[in-house]
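*Asks:* Shown below is the structure under consideration.
Computed from the coordinates by the stated procedures, all read-outs in this text should not be read as laboratory data. Only a predicted model underlies this, so the values are computations on that prediction, with no experimental measurement involved. Backbone-built Cβ (ideal geometry, glycine too); neighbour counts: all protein chains shown.
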C-alpha cells in the first residue's frame, strides 16, 4: 500500500508509537495516509483506540513476522 509518510517506531513501547504518530499526523493534510511500523504487540489495540478518539481513519493493520503495521488516514 502506498502511503504519504512513514514513521518507524520499532523498539519503542506504548505510548511512544502513538505520540510519534500524533506528531506526524499534525504535519499532514486531510486525506493523506501515514504508515506506522511498530514492534509493540499492544500497538494493535492502541491504534484502534487512537483512531476512535481522534477521528482519524484506521485504514489497515497487519502483523508481519514480529512487526505490527498500522495505516491511518488523516481526518
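*Asks:* Can you sort 8, 27 by how many other beta carbons sit within 10 Å, fewest first?
*Replies:* Lowest to highest Cβ neighbour count: 27, 8.
*Asks:* Among 20, 52, what is the fewest-to-most ranking by other Cβ atoms within 10 Å?
*Replies:* Working: 20 17, 52 10.
Ascending number of Cβ neighbours within 10 Å: 52, 20.
*Asks:* Between helix 43-54 and the chain, what is the angle of the helix's C-alpha long axis to the longest principal axis, kept within 0 to 90° and rounded to the nearest 10?
*Replies:* Once rounded, one gets 20 degrees.
*Asks:* Here is a further query. Return 18, 69 ranked ascending by Cβ neighbour count within 10 Å, so the fewest neighbours appear first. Write out the running numbers ahead of the final one.
*Replies:* Details: 18 22, 69 18.
Ranked by crowding around the Cβ, least crowded first: 69, 18.
*Asks:* Then there's this: If you wrap a convex hull around the Cα atoms of segment 5-73, how much volume per residue is inside, in Å³?
*Replies:* On the way: hull volume 4.8 nm³, N = 69.
Considering the Cα atoms of segment 5-73, their hull volume per residue is 70 Å³.
*Asks:* Quick one: angle between helix 16-26 and the longest Cα principal axis of the chain, in degrees between 0 and 90, rounded to 10, please.
*Replies:* Helix 16-26 sits at roughly 20 degrees to that axis.
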